[in-house]
Structures are given as C-alpha cells and as structure tokens.
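Undergrad: Got a structure here, written out as structure tokens. Questions coming.
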Amino acid sequence: MTDDPVLTIEPLPDCLTNPALNTVLQTIPTARLVGGVVRDTLLGRAVADIDLASPLPPDSVIAALRGAGIRVVPTGMDHGTVTAVVDGHGFEITTLRRDVETDGRHAVVAFTTDWRTDASRRDFTINAMSMTRDGAVYDYFGGVDDLNTGIVRFVGDAATRIAEDYLRILRFFRFFARYGRVGPDAATLAAIHGGVPGLHRLSVERVWSELSKILAAPDPRRAIALMETVGVIAAVVPEGAEPDRLVRLIDVGAPLDVILRMSALLTGDPVAFAERLKLSGLERDRLVALRHVPVPAPDADDAALRRALADNEGGVLVGRSWLVGGASAEWTSLRDRMAAMPRPVFPLSGRDVVAAGQPPGPAVGMVLRHVRGWWLQRGCVDDLASCREELLRCLREGDASGGGAAAIT
C-alpha cells in the first residue's frame, strides 16, 4: 500500500488554525496530529488535547524546538515523548515507535521512521489516523470508514492487542460508549472475555479512571450491558453491581453525574469499593452519602426540607431523589423546592458555648449538640440571638440540677 492520504479536510479545521500549534508545526514540519484530535475533527466534535508524532528522534525534536526559542519539557523520554510549550499551550510530540516487548501493560519500544508501523501499534482503527498541518488525513486501517459506521475495532488481531495491554479492554468500552453504533463481532467479544483475567494486573487508579470515563459518556447503557455480558463488570466491581439500576437512572432523565451513576450501578459496600479503587476522599464520601442518606418524602413540609439540608449537602439529596423517586411530577417538585431553598447553617460554635460560661472540655460538644437538636426540631429558623438564649437556658438548667452541662441529654 502507498503512503497516501485518504482525504484532505477543506477548509482547514479549527484545530489547525491554532497559532501556538502552527508555531510547533512550522518548527517540526514532519510532525502530524495523531489520535483523538484527528478522530474528533472528522466527527466535528470539540477537540480537547492535541498530540503530535514525528519521525524525528527525540534529541532532534528537542534541538529544533529549542533552536526556535520554544520551551521543551522532556515528559517521557523513554518512550520518545517531549512537550512543546507555546503561549501557555502544551503539545506532546512523540517519536514514531514500534513495540519490541510487551507484558500486558507496559511496552519496550524502539524508534522508527515509518508511519504505518507506528499506527499498527495503536489500539483501535479510529485512533490510528494521522493528519498533516495541511489537513491531509492518513488512515492505514480503515479508521475513517469505522468512524462513519460507528464501529470500534482493534487494529489487527483483537486478542493479540489485548494481551499487549489489558487496559485496552476498558478503553474499548470507553470508546464504544462514545462512538459505537454497531456492536462488536463475536471474535472481538471472545477476545475481550478471554482477556478479563488480565484486568487484575492493572493499577486500580487506571481501572477507576477508565470506569469513570465510561460512566461519563452521554449514554453508557449499551457499553455497560456488554461489559456485564463478557464478565468485565464482575471483574472491576467485585463488590456487586446491577446494570439495570443504572439503566433505570438514565431512563428517567437523571443528570449526567459519574458518582451518581456509580451509586446506581454499585450494589455492594461503597466504602470497600472506594478504598479498593482509591477514589478521592470527596468521591468516596459522596458515593457513601448517595447510598445511605435519607431523602425527604415528596410531601415533606419546608421545615423537614430545611432539616435535611442542614445535615446533608443539597446535591446529595437531589441525587438521592433520582435514585429513589425518579422523574415523576411529585419528585420533580421536591427537587425544585430543595434547589431553591438556601442551606440552613447552625449559628453557634463551641466558642459560643465557652463564652457563655461552660469550661472547655467534652461537655462543650454535648451542649452544642443539644442546642443544635433544639434548632433542628424547630425547623432551622432560629437566629443567633435565639440560639444563644437557648444555650443560656440549657446551662442554667444544667447547673440547677447539680450536674452542669453533663446533665443535658
């Protein structure tokens, strides 16, 4: 096959009119745009990151960039990657490569000058295209047709590509969730199923990164269903999962929220899940809250809503309402009321208790909890002055009983 472009994009897409990018491409004229930028440009979608490849060895790329006064960061020299920084924009430039050795996650590479060889080591045909600064698109494995058809297809033999890097299983479903309109063939499904045991070799951080990106797709239902069919869900969520719950959440029109979707999918212990996959503290706490926080009934009065909001973040309560109530008119009305209601803030602190005469110590917290309970019971409407009056009353009655603050229950 000849190394000719399959098409030329005219007029030039927006990504190629970027002045910072053009500075880099003028400095490294052999470079082409690769990966997601080509895929999304062909689909007319917004471009996030712009990555480049070049047949020049890394030292030559660095020398050319520095000679043009461009700042260079050697971000991954072992794999031939440097980052050119122009006007605050970073562009990764990777020397063309071929795999020498793979172990299921990492590869030992050697540099090459052949674009087809480099493209042959990429995961999917829709990610194996490249584009010059003139808009000429090079496609060695039918990526343009697959993109137009909605097929996510491995470059070459699926089982071989998976064995090179088991992360490609999760990446397959991530791309299928966003680009797939035609399901994979039986051979691809069999290759994925056969590679499932290799998922345990991946870092838990990468597993959560890919799983969260799958859930972040506008509609991941078909991808999640396929993942369950071939055993991927059971492998990455051994705590227990029920895809039908996620389907119902999306069906009722719940907003796109990765942690909300995960809380619907997950049936097992959210703490165990969060700790195993090393979610952030904020992600873990929200996942747990979405599973356990009580949500007000649709006919709850304003006082009940204020009490709920005083104890829980509004977004958690709204998320819970989607999980337990769906999109009916009464639950929609409840969400509207919660969204419009300011979150009440208890006006006292431990400092106020000490200032009122209670010596520092464990009793301070006991008094504060008592007054806050009184404030909650009355609907969270009492102001600072009223709460101070209740505080003083509690301290007086406690002293009169002979037990001080410890007598307060």
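Every number here is computed from the coordinates shown, using simple stated rules; none is lab data. Since the structure is predicted, the reported quantities are computational estimates derived from the model, not experimental observations. Because the Cβ atoms are built from the backbone with ideal geometry, glycine has one as well, and the counts that use them run over all protein chains shown.
Undergrad: Which value results for Rg/Rh of the chain when Rg is the Cα radius of gyration and Rh the Kirkwood radius based on the inverse mean 1/r?
TA: Dividing the radius of gyration by the Kirkwood radius yields 1.13.
Undergrad: Taking the convex hull of the Cα atoms, report for the range 226-377 its projected area averaged over all directions, in nm².
TA: 11.1 nm²
Undergrad: Also, quick follow-up: For the range 1-156, what is one quarter of the convex hull surface built on the Cα atoms, given in nm²?
TA: Seen from a random direction, the Cα hull of the range 1-156 projects 9.2 nm² on average.
Undergrad: Please report, in Å, the Rg and the Dmax of the range 158-292, where both are computed over Cα atoms only.
TA: 14.3, 43
Undergrad: To make sure I understand, if each residue's beta carbon is the centre and we count other beta carbons within 10 Å, what order do VAL247, VAL381 fall in, fewest to most?
TA: Listed from fewest to most nearby Cβ atoms, that is VAL381, VAL247.
Undergrad: Could you order the peptides 310-316, 286-292 from most to least packed, using the average number of other C-beta atoms within 10 Å per residue?
TA: Highest mean packing first, the order is 286-292, 310-316.
Undergrad: Only residues of the range 340-354 count here: report those whose backbone N is under 14 Å from the spot 7 Å along Cα→Cβ of LEU392, or say none.
TA: 353
Undergrad: Counting other C-beta atoms within 10 Å, which of SER333, SER209 has the fewest, and how do the rest follow?
TA: Neighbour counts put them in this order, fewest first: SER333, SER209.
Undergrad: Which order do peptides 321-328, 68-75 fall in by mean Cβ count within 10 Å, highest first?
TA: 321-328, 68-75
Undergrad: Suppose R0 equals 45 Å; then what is the FRET efficiency for GLN377 and SER209 from their Cβ-Cβ distance, rounded to the nearest 0.05?
TA: Once the sixth-power term is evaluated, E becomes 0.50.
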